[in-house]
Amino acid sequence: MINAINLLKRRQDLSGDEFQQYWRSRHADVIAKLPGVRRYVQSHPLLDICGDDDPVYDGVAELWADDSQAFRVIGASDAYIAVQADEENFLDREAIVLVLTDEHVIKEGSVDDNGVKCIRFFNRRKDMPVDEFQIYWRERYGPTIAALPSLDRYVQYQARAGGYAKGRQPAYDGFD
């Protein structure tokens, strides 16, 4: 499966609470009509912890589909046109960052409804080749982090090879 990670910024005329309320209640219903979506997860920053500082992103949307063809079908659907139209109601669409990733479960575990999810953004050293970074991150760094007793589950999302094609560089090399 492929995971599309979308980093979102709210429209400037909306508060963080207004953004989160609309995204949770209205937009999720529009996403549910997309063909071929296997899973959809919204991650909202804890605004009471952020204080007066705006989070780097107002939310992270994760959407899973079987393969690249499934994403092409989604993108060509009338339901996707409705998603884009609805995004105008709460998102700064120009600020959306999309990274297609492959999921690597390093530590499987249950997810508590009251748990907190921490999403970190990774970029490799400029002198490190992508494949070397991904192997090191998955095989050396991942098990070290997974061993932390406070973690119930640990997953890495590594940018897909296509994100680097023709000299491109995704905004991030991965997330955990």
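Collect the residues in region 10-40 that are more than 13 Å from E87 (Cα to Cα), in contact with a Lys or Arg (Cβ under 9 Å, 6 or more places away or on another chain) and open to solvent by less than 40 Å² (accessible area, probe 1.4 Å), keeping them in residue-number order.
Within region 10-40, just G16 meets the criteria.
Looking at region 151-175, which of its residues are among the acidic types (D, E) and at pLDDT 95 or above?
Once the filter is applied, which keeps residues that are among the acidic types (D, E) and at pLDDT 95 or above, region 151-175 yields only D173.
Can you tell me which residue within region 138-162, out of those that are open to solvent by 60 Å² or more (accessible area, probe 1.4 Å) and in contact with a Gly (Cβ under 6 Å, 6 or more places away or on another chain), is farthest from L98 (Cα to Cα)?
Taking the candidates together, the pick is D152.
Quick one: which strands (runs of 3 or more DSSP E) sit completely within region 39-150 and have at least 1 residues that are in contact with a Ser or Thr (Cβ under 6 Å, 6 or more places away or on another chain), modelled with pLDDT of 95 or more and on the phi < 0 side of the Ramachandran plot?
Where strands (runs of 3 or more DSSP E) fall fully within region 39-150 and carry at least 1 residues being in contact with a Ser or Thr (Cβ under 6 Å, 6 or more places away or on another chain), modelled with pLDDT of 95 or more and on the phi < 0 side of the Ramachandran plot, they are 59-65.
The values are calculated or read from the model by the stated rules, or taken from the named source; none is laboratory data. All of these numbers come straight from a predicted model, not from anything done at the bench. Neighbour counts are summed over all protein chains in view; Cβ atoms, including those assigned to glycine, are modelled from backbone coordinates with ideal geometry. Ligands, DNA and RNA are excluded from the accessible area calculation, which covers all protein heavy atoms including side chains. Shrake-Rupley method; radii C 1.70, N 1.55, O 1.52, S 1.80 Å.
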